[in-house]
Structure formats: C-alpha cells, structure tokens
1. Averaged over its residues, how many other protein chain Cβ atoms are within 10 Å of peptide A:70-78's Cβ atoms?
2. Quote the FRET efficiency, to the nearest 0.05, computed for residue A:202 versus residue A:230 with a Förster distance R0 of 45 Å and r equal to the Cβ-Cβ distance.
3. Taking amide hydrogens as modeled 1.01 Å from N in the peptide plane, which residues meet the under 5 Å criterion relative to residue B:76, leaving out close sequence neighbours?
4. What does the charge count near residue A:182 come to, summing +1 for each Lys or Arg and -1 for each Asp or Glu among other residues with Cβ under 9 Å from its Cβ?
5. Please list, ordered by chain and number, the residues whose modelled amide H lies under 5 Å from the amide H of residue A:28; skip anything fewer than 5 residues away on the same chain.
6. When Cβ neighbours within 10 Å are restricted to other protein chains, what is their mean count per residue of peptide A:31-42?
7. How many Å² of accessible surface get buried when B and A come together, counting both sides, probe radius 1.4 Å, rounded to the nearest 100?
8. Could you give the length gained on full extension between residue A:216 and residue A:34, defined as 0.36 nm per residue of separation minus the Cα-Cα distance, in nm?
Amino acid sequence: MIKYLLVFVAVLGIGWILWQLGVEFQTAQELNPLASEYVRGSTSDLNMPNAVTAVVVSYRGLDTLGEVTVLFLATAGIGFLLKRRKRSAGLEIDDTDGAANVPVCDESALAGLEFDATGTTDPQNNLSNSLGSLSNSAVKTRTEGSEILKTGANMLVPMIVVLGIYIFTHGHLSPGGGFQGGVVIASGILMLIMAETRFHLSHLLLHISESLSGLAYVAMGLAGLILLGVDHFLDPRYLLAGQFLALFSAGAVPVIYSLIGIKVGSELASVLASIQHEGEEL
Amino acid sequence: MILLITGMLLILAGIWAILVKKDIIRMIIGFTVVDTGVHLLIVAIGYVKGGTAPIIDRAVSTADASFAGMQAISKVVDPVPSALVLTAIVIGLAVTGLMLAYAVRLNKATGSTNIDDHEEQKW
C-alpha cells in the first residue's frame, strides 16, 4: 500500500513538472531564427529540398554520428547478451561470465527450476538439465512458416529491400533517409526469418558491411575537414552541388545518408540474427 | 496543444507502468510508452501553427532554389525537433531490443521475469 502511495506521489510530481511546461507553452506562430536559417540554408546553401535531412546530415551531423555510435553500442550489447557459447573440447566454460553462471546453475538444480544450458559441456549444467527436466528451451525447434507466409515473403522481400534502398538514396529529396530506409530493410529480413526456419544470415557479411559503412561515414566527414578546412567536419559541400531536385545533388549528402542506411540496416539485421539464433543449437 | 497533452499523459502512464508492474516485460513496455510520449512532446514543441513538413517540393519552388527557401519559411514546421525524433525512434528500437535481450538472459539464468524473484538485484 505504502508503495503505491509513493508511486502515486512520484507520478504526481513528474506530472506537476510537465504541467509547468504545458501552461507556459504556446504553439509557435512562426519559425524561430535558427530554424528559419536552417530552412533557408538547406535550399540556398546545400541545394536540397528536405530541411530535415539538412539538419540530420549536415548541420547536426556530429549528433547523428553520435546516435549511430549509440545504435552500434546497443547492437553490440544485444549480441553480447544473447551470444551462443560454442561447444568447446574441454569441460571448462572459457567465457567471461562463466564464473557467474556456476553458482546459479547449482541453485537451479537444487530448486528443480528450469535452467537453459547455455554451456552444455559443463557437467554441472548437464546435471541441472537432468534434474530440472521440465523443459529445455535449447532443444526447441521453431515451427515452419505457413505456405502463405513463405510465398508472400518470397514475393515481397525483394520489393521491401528495393523500397528501403530507394528511401535512403532519396533522403535528401523526399521524406525518408538512412534511418528509415535501414529499418525498412531490416523489416524485410525479419519477414524472411519468420518464413524460413533454415534461413541464416551471414554474421561475417553483416559485420563487414556494418564496419565498412561506419568507416566510410567517418571518412566522408574527415574529407570535409581536409578539403574545406577546419570546422568543416561533416560538411557535404566538397562534392558538387548539382542541379536542384536531381538525385545526385546536394554534395555528399546522398552518399552519407546511403552509408547510414546500410549501417542501420545491417545493425538491425544483426540484432534480428542474434535473436533468431538465441535458443537454437548451432 | 492536444499533441502536447497526449505526450504528457503517455509519459505519466509509462512511468506508472515502470514503477508498479512486477513483470520485466511489462516494465519494458512502459519504457517504450514513455519513449513515444517524449517523441510526441518534442514534435509538439516544434510545431508551427498551420505549418507543413519542412520539405520544399516542386509546387513551392519556382525557378530559383533560394527564393523557394525564402517562401517556404512561412509555411513549414521547425525541422530540428523532427530530425531529433527521427533518430530517436531508431535508437529507441535498439535500446528496447537491448532491454529485451537482458530480460531473455535473466529468464535463462533464473527462469523468471518477475522482479520479485530477483531480490539480489536490489541496491
């Protein structure tokens, strides 16, 4: 009871803070000076119609680099948490968290709890498996996708991937860009994973495309630094501005946004791959 | 204004879910609800009365690109909050995936996603 009261007080307090924001707030009648400078600059300076892309890739390019880094770290964390332990010849788990696992499996063996043997070579784990023989999620098999899902996936996945590529290459002209296009590609790969049980993404290929696109993104930023001078990091104007509304216009923006698209797509695909392989024998 | 109030209510509902619910999956759902509320709040702050998306299309642009930009300033919303939310949605997806991966790992280790079964995690 006292807990609910405390939670209620906490929610009320946060509500009061938000209310302070709300009563002061008035919908703006016109753009503030910074935003109008961005909108004007995206057409006259960078030669592209999409002001949001101008902000993401150029004006706040360093923020975007940081966000891509956050995305990479989250992906790396997922891969670390859901990592499959390889069957080793010895009886030892040579993982970093192997030491933390041993007391847990003792406990679960005694309590007869379900314990998923992530390192099945360990004799204690085998013991806990035989004792707590409720179920073992490591040996469960995924059900095959239905005929409709399989046929639909075969037909739709190429189109979804092409749509994703279209979205991130046209990020400077129309609504969309690297982040959205990458998510669209990853959703196509999710459909493929759901439809086919034997579909395996090549981790090596994902790692290579992710690393190379990230490296090329930083290189594109550094090229601005080298070609245009200091305080021009991630400035896309070292390539030709081109014709307004053409595909190859706005300097390096389409290139940078395509690289971001490849990076986001391969990162989210590797998240899906690690979730898929989790709980399956490799 | 409606957008702002909806965002605030979503934030409060999400915080309620994070603090009250016992199941870790439900707490993660609470986090995503807070995420959505914050996105709505940021978009609402960037809204300009009667504004449209900050993309200068062919109808607005006549011949001169910079003239089109001058015309567009009176018609579009603030592009900066839109850009922030655009990246925040993708980051939110990845962070939700990270939380779910942690929940899966915890479930594997102890066979439970109830927060009361993890007393040792308390400070």
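1. 5
2. The formula returns an efficiency of 0.65 here.
3. The list, which skips near neighbours in sequence, is B:52.
4. Result for the local shell: 0.
5. So residue A:28 has HN proximity to B:49.
6. 6
7. 5100
8. Length difference between fully extended and current span is 62.5 nm.
The values are calculated or read from the model by the stated rules, or taken from the named source; none is laboratory data. Since this is a predicted model, take the numbers as computed values, not measurements. Here the Cβ is made from the backbone with ideal geometry for all residues, glycine too, and neighbour counts use every protein chain on show. Heads up: the accessible areas ignore ligands, DNA and RNA and are worked out on the full protein's heavy atoms, side chains in. Shrake-Rupley method; radii C 1.70, N 1.55, O 1.52, S 1.80 Å.
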